[in-house]
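Reading through the structure tokens given below for one structure.
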Amino acid sequence: MPGNSARPNRRTSQKKGPQIGSGGQSRRALKGKGPTPPAEMRKGHPKQRAAEAKARKQQSGRGRSGGAPGRGGKSAAELVVGRNPVVEALRAGVPARTLYVQQFLDTDDRVTEAVKLAVDRGGVHLVEAPRGEMDRITGGLNHQGLALQIPAYEYAHPDDLAADAADAGQDPLIVALDGVTDPRNLGAVVRSVAAFGGHGVVVPERRAAGMTAGAWKTSAGTAAHTPVARATNLTRALQGYQKAGLMVVGLAADGETDLADLEALAGPVVVVIGSEGKGLSRLVGETCDVRVRIPMPGGVAESLNAGVAAGIVLYEAARRRR
């Protein structure tokens, strides 16, 4: 019929096939979404729901410490917040339980590396959380979209250190810290103890540095196999060592014995190091069997920090034990 030629062919107009598009004029149309995120970070994925549930359970237990008083026990869980601190902690091999990543975060190299390190390590749960939840988890700190949960550290008991040495057929070589509050100093001491064949470090339960992420990083991974014990009362712990046959040697600038003359380092010994500036506390100093000084020919008036002092004494002990 003559009127049919003017009617559009509906079947032809709906035919599938190449269509005229934006021709690359829309930048968003050409922008890729990047690599597929891990299952734990995919919204609605069963693994993400499981990771979030486990993280909430762990978070609800934050701040509680385990173990009986004077029996080692656990420290409280810790959060490392911010892009640089999180990446540095993961690079250093600091133990980690959960990596929190803010939803819809503008990623950069640090965020990408943090997620990759966590995935490659295995055992680290990835949880994507809204901004409000991130603020709540971190207590309002400037988290920059990243937070890393560090598990509670399992402290040994002071008696365990001497027992482990005896099991290995060796004379105990232990370092006790009195009033050292900088975790980096604790980490440096742990590293020196590992390097020179020591059997562990003892710290007081209160007013002293503990095994935080900072201590782990400074220990350069040696904290994984060098035990740190926590004592409710350092003086009583030292007295217990004395009853077990260990000599307690305190480092002091005005010590009556020169380090080079201390024959006791060849046998079972506990080396007690005080805080920089204050040195040993009165009760701990009175408990020591002998107080030793490190000669400093350079005439430096300032005391050595705990990490340096421990390294010097432990080297001398290792030399005598060859």
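The values are calculated or read from the model by the stated rules, or taken from the named source; none is laboratory data. Keep in mind that this is a model prediction, so the values were computed, not measured. A quick note on method: Cβ atoms are made from the backbone with ideal geometry, for glycine too, and the neighbour counts reach across all protein chains shown. Note: areas computed on protein heavy atoms with side chains; ligands, DNA, RNA excluded. Shrake-Rupley method; radii C 1.70, N 1.55, O 1.52, S 1.80 Å.
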If you average the alpha carbon positions of segment 90-123 and of segment 231-285, how far apart do those two centres end up, in angstrom?
42
Rank GLY179, GLY139, VAL119 by how far each Cα sits towards the positive end of the charge dipole of segment 107-247 (+1 on Lys, Arg Cβ; -1 on Asp, Glu Cβ) and give me just the farthest.
GLY179
Take the alpha carbon atoms of segment 185-285, find their radius of gyration, then divide it by 2.2 N^0.38 Å using N residues; give the quotient.
1.08
Sequence-separation-based contact order of segment 219-322, relative, with Cα cut under 8 Å and 6+ spacing, percent:
32
How big is the charge dipole of segment 228-305 about its Cα centre, in debye rounded to the nearest 20, if each Lys and Arg gets +1 on its Cβ and each Asp and Glu gets -1 on its Cβ?
460
Local net charge near ALA260, Cβ-Cβ under 14 Å (Lys/Arg +1, Asp/Glu -1)
-2
Expressed as a percent, the accessible surface of segment 91-233 that is carbon or sulfur, using a 1.4 Å probe and the full set of protein chains, is 47
Of the accessible area of segment 257-298, with the probe set at 1.4 angstrom, what percent is carbon plus sulfur?
50
